[in-house]
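The values are calculated or read from the model by the stated rules, or taken from the named source; none is laboratory data. All values reported here derive from a predicted model rather than from experimental measurement. Cβ coordinates were reconstructed from backbone atoms using ideal geometry, including for glycine residues, and neighbour counts include every protein chain displayed.
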Amino acid sequence: MKSATYALLILAFVIAGCATIMHGTTQDVSISSQPTGATITIDGQTYGTTPVVADLKRKDKHMIRIELEGYEPYEIGLGRKTSGWVWGNIVFGGLIGLAVDAITGGLYKISPDQVEANLRRPLSASNSGDMISITVVLNSQPGWERIGQLQQTN
């Protein structure tokens, strides 16, 4: 009876990947913004408003967009790293366990696991009397029109 129990236990480890058993196929990612109440879009789907904890599939890479009226949108891509639990497959699951982890996504850890967006108000140019204020941005938005360009002089 004992040998059958041990055999069944070993078979369970071989069939299922160690990382999948230890931390599952999804991961919680904390998403917040300053100010709060911003709309969150994950992979093109509206998810809610900040702050929120999103339960995301480990096997996919994700794109998060955070928007609030009157502020510039914030975007970040979440990547994947190999989970440390994969090493358990060498001991318990071998290639079969590794394959299970790869298929289910248990092989990965989403990074970063916390997103904190500091939303900024867009800067703009203004003309008040004798003074002109100019705003410089690194990335233009579609539909913007170039009205000038700075040049270096010696």
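Summary table
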| read-out | value |
| --- | --- |
| So ILE132, is it modelled with pLDDT of 70 or more and farther than 28 Å from ALA38 by Cα | no |
| Residue list for the stretch 49-106, filter: at pLDDT 65 or above, more than 30 Å from GLN141 (Cα to Cα) and touching an Asp or Glu at 6+ places or on another chain (Cβ under 7 Å) | ASP55 |
| Matching residues in the stretch 37-81 - criterion: being among the charged types (D, E, K, R), more than 13 Å from the chain's Cα centre (by Cα) and not in a loop (DSSP other than H, G, I, E, B) | GLU67 |
| Checking THR26 against (1) modelled with pLDDT under 65; (2) touching a Lys or Arg at 6+ places or on another chain (Cβ under 8 Å), the condition it does not meet | (1) |
| Filtered residues of the stretch 25-51 (kept if buried (at least 17 other Cβ atoms within 10 Å of the Cβ), within 15 Å of GLU116 (Cβ to Cβ) and without any contact (Cβ under 8 Å) to a residue 60 or more places away in the chain) | ILE40 |
| Flag if ARG146 is at pLDDT 80 or above and in a loop (DSSP other than H, G, I, E, B) | no |
